[in-house]
Amino acid sequence: MAGRYQVLDELDETTASALREDIAKRGVLVPIDVDEDGNVLDGHHRKRFADELGLDCPEIIRSGLTEEGKVEHALLMNLLRRHLGPVEWAHAFRRLAEARGIRLGTQGRQGGKTDSVAVFAAELGVAPRTARRRLRLADRLADHPDLAARVDRGDLDATRAETLARERAFEQRRAEADPPPVTRLGSGIEVHHGRFQEVLAQIEDDSVDLVLTDPPWQWDVETLDLWDDLGEFCSRVLRPGRALVAYSGSGCLAAAIDRLSSHLDYFWAGALILPGRHNEVKAVMARDSSTPIVFFSKGRYRPRHWFINSLSSPGAEKDAHPWQKPLGNVAYYLECFSEPGELVCDPFLGGGTTAVAAQQKGRRFIGSDIDPGAVEVTRQRLEGSEEGPRPLLSMEQREEEP
Ligand SMILES: C[S@@+](CC[C@H](N)C(=O)[O-])C[C@H]1O[C@@H](n2cnc3c(N)ncnc32)[C@H](O)[C@@H]1O
């Protein structure tokens, strides 16, 4: 039975039996903490195993603590000593902060004296960045205790767990979504539900000023054929000299360039540099830290603005869609390759990032997605969003990012 001040869950079976064995061999080496009435504040497992084995259990009496003070002491000792998984640690950290009346924020980098996470984490000997990462992870896995438990046990990588949680959330959205075939918003924004090959067939020839898109990147015949269809579509709807800017995947890049080249003129390549942990591709032992971008045009490209071909993203933005691209990056290319009032098209909406960028930058827009969940989330973002693009990062700033 859990003791009065046993603030965290029981140890898992393997850790508990290792501790029991150690106590049987060497006795209780670290004294437990008790209050003046003998209630255990810290060391419930040590006490239980010592009692079971008929061994002495050294005690330190912590007298004069209030009820809250006892809970706080118990949490602090657990955070300092016990080997907690990152999510368990974050929960204990939050509870201890609450017990002390500290409000924790995890958004952004704060730093300085007022940064409660940094100050409090330093007190526990944990780097503020690590503390913030653990708190964010716990938030993201809050509705997925099974994934959190697997991360804490070390059975599941934290990044992968976050991806799984996002995919589940999107699945749920998809199951509930029932968007109309066409959504028209003021200021010339149009979102279609269906295969772009059909639902965007009504777009007039030579009428689109920019196609800015992100097709699926899987390596199968059907998906690769999409690049052919995209090339054919662009060669019809783009105005002469105007661009297709498409995010691609490293694996399908050669095929994408090959397919698009049958319909359009290649003029440049670039990349979106991704922050944080790299996606490991075991088949070729590559640690993928970027997404290629290809630049094609209908006929010879007629440049109007300078553009930087490779930029870093300050952080993953995946709240709307599992394959979402950073709004700042998408908005940058939208502004480099189109003018206010012009028509921008994205046949593969996903979370609707291009649509949101077009809306914010005063372009007309037409787009589509085959997936009802993607259309629904795009509609929601367009109808309600005040979201701003996060700043683009230079290479030097990127070095400092987690
Ligand atoms: C990589 S995602 C786009 C992500 C998007 N850039 C974002 O920022 O959220 C590709 C999208 O293409 C959609 N799709 C795949 N085939 C399609 C087709 N034939 N017509 C329209 N959409 C399609 C998928 O449903 C998926 O949502």
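The values are calculated or read from the model by the stated rules, or taken from the named source; none is laboratory data. Keep in mind the model is a prediction, meaning the values are calculated, not measured. Positions of Cβ are backbone-derived with ideal geometry, glycine not excepted, and every protein chain shown enters the neighbour counts.
So here's what we get for this one:
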read-out: Where residue 178 falls short, out of the listed (1) in a loop (DSSP other than H, G, I, E, B); (2) within 21 Å of the chain's Cα centre (by Cα); value: (2)
read-out: Test for residue 294: is it of a type in the set (Val, Ile, Thr) and buried (at least 21 other Cβ atoms within 10 Å of the Cβ); value: yes
read-out: Of residues in region 302-316 being crowded, with 20+ Cβ neighbours inside 10 Å and either of a type outside the set (S, T, N, Q) or within 15 Å of the ligand (Cβ to nearest atom) (or both), the one farthest from residue 160 (Cα to Cα); value: 311
read-out: Test: residue in region 225-246 that is away from the ligand (no atom under 13 Å from the Cβ), assigned to a loop (DSSP other than H, G, I, E, B) and more than 17 Å from residue 333 (Cβ to Cβ); value: no
read-out: Residue within region 247-259 that is among the hydrophobic types (A, V, I, L, M, F, W, C) and within 14 Å of the ligand (Cβ to nearest atom) present; value: yes
read-out: Failed item, numbered, when residue 331 is tested on (1) more than 16 Å from the ligand (Cβ to nearest atom); (2) out of contact with any strand residue (DSSP E or B) (no Cβ under 6 Å at 6 or more places or on another chain); value: (1)
read-out: Exclusive hit being small (Gly, Ala, Ser), touching a residue at least 24 places away in the same chain (Cβ under 8 Å) and either at positive phi or surrounded by fewer than 23 Cβ atoms within 10 Å (Cβ to Cβ) (or both), set 186, 194; value: 194
read-out: Every residue from region 357-369 that is surrounded by fewer than 24 Cβ atoms within 10 Å (Cβ to Cβ), more than 14 Å from residue 208 (Cβ to Cβ) and in contact with a helix residue (DSSP H, G or I) (Cβ under 8 Å, 6 or more places away or on another chain); value: 359, 360, 361
read-out: All positions within region 336-387 that are more than 9 Å from the ligand (Cβ to nearest atom), in a helix (DSSP H, G or I) and out of contact with any Asp or Glu (no Cβ under 9 Å at 6 or more places or on another chain); value: 336, 359, 379, 380, 382, 383, 384
read-out: Residue list for region 1-51, restricted to those being at pLDDT below 85, in contact with a Leu (Cβ under 7 Å, 6 or more places away or on another chain) and in a helix (DSSP H, G or I); value: none
read-out: Those residues of region 116-130 which are free of Cβ contacts under 8 Å to residues at least 40 places away in the same chain and under 17 Å from residue 87 (Cβ atoms), in sequence order; value: 117, 121, 126, 130
read-out: Count of region 194-214 residues which are over 17 Å from residue 337 (Cβ atoms) and within 11 Å of the ligand (Cβ to nearest atom); value: 7
